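The values are calculated or read from the model by the stated rules, or taken from the named source; none is laboratory data. Being a predicted model, the structure only gives us computed values, none of them experimental. Note: ideal-geometry Cβ built from the backbone for every residue, glycine included; neighbour counts use all protein chains shown. The accessibility values were calculated without ligands, DNA or RNA, using every heavy atom of the protein model including side chains. Shrake-Rupley method; radii C 1.70, N 1.55, O 1.52, S 1.80 Å.
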Amino acid sequence: MIVQALAFYLFAAITVAAAVMVISARNPVHSVLFLILAFFNAAALFILMGAEFLAMILVVVYVGAVAVLFLFVVMMLDIDVTELRQGFLQYLPIGGLIGLILLIELVMVAGTWYIAPEAAAVASVPMPPPDQVTNTEALGRILYTKYVYLFQAAGLILLVAMVGAIVLTLRRRADVRRQSISRQVSLRRDQAIEVKHVPSRTGV
């Protein structure tokens with residue numbers, strides 16, 4: 001138990017420190033690297049909780065795809081950090097308000113044990129033995145039964161976001177030749193083929 005507690009505090013401290021560095025690092029590339037470090041340590045925390053499937057999904061999906069995609073986008077765009085920081089004071093009141101709201105929500109979550117003591121009784125309900133239900137099966141049962149509509153709604157939101165990103169970034173250039181299937185199919189033989197009668201021994 002002592003080793004597990006030490007591992008928990010170590011991974012949790014690294015996760016919090018990496019999350020702070022994500023928003024405080026001056027270089028966007030360094031921010032993405034710190035984000036990857038936070039994901040890895042969060043996956044380690046999931047492993048300590050016995051949720052190996054969630055840890056694997058976090059590493060494969062977020063670290064292997066999303067974070068690496070962020071890194072490539074940041075490096076390809078070559079973002080000017082000094083230009084982005086010029087309007088920092090303009091959005092400082094809105095950011096402070098959002099931070100205050102988040103702080104109040106965190107205090108309310110932490111103080112739930114004192115405000116609503118019955119929450120402790122709900123949290124102390126015995127869980128089924130892990131040898132009966134794997135966490136992959138338990139996660140599937142919850143997602144596709146109780147939260148199936150919310151799960152489908154999240155998929156639709158991601159689909160709309162993906163289509164919107166493609167539409168916004170799609171650029172049509174006039175100097176690029178494109179294939180028109182309908183025009184090719186509707187062509188007649190005299191429009192598609194031109195026969196040249198070249199006299200013998202005269203060349204083209």
Within the range 182-204, track down each residue that is among the aliphatic types (A, V, I, L, M) and either open to solvent by 100 Å² or more (accessible area, probe 1.4 Å) or assigned to a loop (DSSP other than H, G, I, E, B) (or both).
-> V185, L187, I193, V195, V198, V204
Hey, any hits in the range 124-137 for a residue that's at pLDDT below 75, farther than 28 Å from L33 by Cα and among the hydroxyl-bearing types (S, T, Y)?
-> yes
State which residue pairs qualify: first residue free of Cβ contacts under 8 Å to residues at least 24 places away in the same chain and inside the range 142-160, second residue assigned to a helix (DSSP H, G or I) and open to solvent by 100 Å² or more (accessible area, probe 1.4 Å) in any location, beta carbons under 8 Å apart, and separation of 6 or more residues or different chains.
-> F151/Y144
Does the range 81-95 contain at least one residue that is assigned to a helix (DSSP H, G or I), under 23 Å from S31 (Cα atoms), small (G, A, S) and at pLDDT 75 or above?
-> yes
